[in-house]
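Right, one structure below, let's go through it.
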Amino acid sequence: MANVSGQLINLFAALLLLVSFAMLSQRRVLSLINLFALQGLILTVSTVIVAWSSHQHHLYYSAALTLVLKVLILPWILHRLIRKLNIKWDVETLFNIPTTMLVGIALVVFAFNLAAPISLMAGTITKSTLGIAMACVLLSFLMMITRSKAVPQVIGFLAMENGLFFAATSATYGMPMVVELGIALDVLVGMVILGIFFFQIRETFDSLDLKHMEKLKDE
């Protein structure tokens, strides 16, 4: 049974990595939000499997929190934001997609090599997925720095938080519940503040392209 659980966890870890690559190559904002929700759903199911196989019951609460916050609430807020901001443009990237994907593959190789010695010291059944978790974090960070619009950068930040949560689950069966609740509250409050920030940028520059703010700083 433990072998089956380990295989399922590895399967969902691979799916999480595939979704991270899909987000990295995605050009449409609406599809990017849907992929973020799918990433949260995969993370939820994976956490439930880890909780069931390792008898770490606090992970059930973590999975429920992930489902409510990252599959339902945050995508709903993002959908409302892009409707109110009337965002219809595609995601603009600083580099072309093939170049970005090649850099992403290099980051995955780097993440696996970096996680290898840590995985050997971990005593969890999910230790083999630590490299994938770190790769997801690095791919999300790459998505943040290769996008010129504010909304995709925020989605990249939220996806990076998903990767960090998966890394914590892989290494130590998750963080204490108080810490997770605090992080969830911070993310939710941060989204509300960023929503207000988006409207302020739009009213000032009539665009969400952060290049306008860089020009203002230079002036």
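The values are calculated or read from the model by the stated rules, or taken from the named source; none is laboratory data. Fair warning: this is a prediction, and the values are worked out from it, not measured in the lab. Cβ coordinates were reconstructed from backbone atoms using ideal geometry, including for glycine residues, and neighbour counts include every protein chain displayed. When the accessible area is computed, the model is the full protein with side chains, heavy atoms only, and any ligands, DNA or RNA have been set aside. Shrake-Rupley method; radii C 1.70, N 1.55, O 1.52, S 1.80 Å.
In the range 59-94, of all residues being open to solvent by less than 60 Å² (accessible area, probe 1.4 Å) and of a type in the set (Ser, Thr, Tyr), the one that is modelled with the highest pLDDT corresponds to Thr66. Taking the conditions (1) in a helix (DSSP H, G or I); (2) open to solvent by 30 Å² or more (accessible area, probe 1.4 Å) in turn, Gln56 satisfies each one other than (1). Residues in the range 149-169 that are in contact with a Gly (Cβ under 7 Å, 6 or more places away or on another chain) and at pLDDT 85 or above: 1 in all.
When residues in the range 20-33 are screened for being without any contact (Cβ under 8 Å) to a residue 40 or more places away in the chain and touching a Leu at 6+ places or on another chain (Cβ under 6 Å), 1 of them pass.
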